[in-house]
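Shown next, in structure tokens, is the structure this report addresses.
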Amino acid sequence: MSYILLLDKINKSNFNQGKIEELYSILPEIIIIKDEPDFNPDIVGSCDVSYRSFAIVSYVAWSVSKRCVVEEITRKKEIPAEYIPGRFALRELPLIAEVLLEISSQIDCLILDGHGIAHPQMSGLASFAGVLFKLPTIGTAKNLLVGEYESPVLKRGEHSDIIYNLEKVGEALCTKDDTSPIFVSPGHLIGFESSRRLILELAINSKFPEPLRLADINARKSSL
DNA sequence: GCGACAG
DNA sequence: ATCTTGTCGC
Ligand SMILES: [Mg+2]
């Protein structure tokens, strides 16, 4: 229903490797790192992929108000491209797009495994997804691609800025006591504050946001 | 040219 | 990401 926009955008963009490559250059001008007027997400979706000789993509939708999974699907796909640091969207975005086209429930915010604007050209996977799908997106990564940070105190809720070219591009966020921080960077249509708050709130059974943790588990077990 | 390098 | 056993800790 609400994915007519998604379908439309993908068709207009003639979604393919070439178009993604084109978008890498103009994405910085399109990205909006600011909350939408009444940003208060309930359905938070997340996607993750397990790679073998093929790819297993899993999508999990989590309801913040109900505190439970409201939808989840897993699909086997062909791997679109090899992994190249800084060009992750070429590999994972096509897979995510295909799976999102199949879901029926709404998505108020999408959390992805990778960076948002904490990228050389502010074009991390999450930023790419946000622009293409016209959705608020947050990038959550285990490691840094670019930038520097001072480790925050290892206490849930503590955080420090990730600085790249003298600019703040994200935060190292401790989501669990005595556990190494995860890197959070807004992708599109959301700010640093809301990104941090949502990720922290969703870090329930691990240091990672619940829907992403579950998508990772689903994808991995289905790839065996 | 060397080293760094999301997943 | 994946290849892989044990080990430390809650
Ligand atoms: Mg992943």
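Observations, loosely collected:
- Single match in A:Glu92, A:Glu72 (criterion: under 20 Å from A:Ala141 (Cβ atoms) and acidic (Asp, Glu)): A:Glu92
- 1 or more residues within 16 Å of DNA strand C (Cβ to nearest atom) and among the polar types (S, T, N, Q): qualifying strands (runs of 3 or more DSSP E) within the stretch A:91-185: A:137-141
- Considering the stretch A:16-35, and only residues there that are surrounded by fewer than 17 Cβ atoms within 10 Å (Cβ to Cβ) and over 19 Å from A:Val169 (Cβ atoms), the residue that is modelled with the highest pLDDT turns out to be A:Glu21.
- Test: residue in the stretch A:93-113 that is within 15 Å of DNA strand B (Cβ to nearest atom) and either among the hydroxyl-bearing types (Ser, Thr, Tyr) or touching an Asp or Glu at 6+ places or on another chain (Cβ under 7 Å) (or both): yes
- Only one of the numbered conditions (1) small (Gly, Ala, Ser); (2) modelled with pLDDT of 95 or more; (3) farther than 18 Å from A:Ser194 by Cα; (4) not in a strand (DSSP E or B) is not met by A:Ala61, and that is (4).
- Some residue of the stretch A:77-88 being over 18 Å from A:Ala215 (Cα atoms), surrounded by 14 or more Cβ atoms within 10 Å (Cβ to Cβ) and away from DNA strand C (no atom under 16 Å from the Cβ): no
- With respect to the conditions (1) more than 16 Å from the ligand (Cβ to nearest atom); (2) in a loop (DSSP other than H, G, I, E, B), A:Ile73 falls short on a single one, namely (2).
- If the condition is being crowded, with 24+ Cβ neighbours inside 10 Å and away from the ligand (no atom under 16 Å from the Cβ), then the stretch A:136-153 contributes only A:Pro136.
The values are calculated or read from the model by the stated rules, or taken from the named source; none is laboratory data. These numbers come from a predicted model, not from an experiment. Every residue, glycine among them, receives a Cβ derived from its backbone with ideal geometry; neighbour counts consider all protein chains shown.
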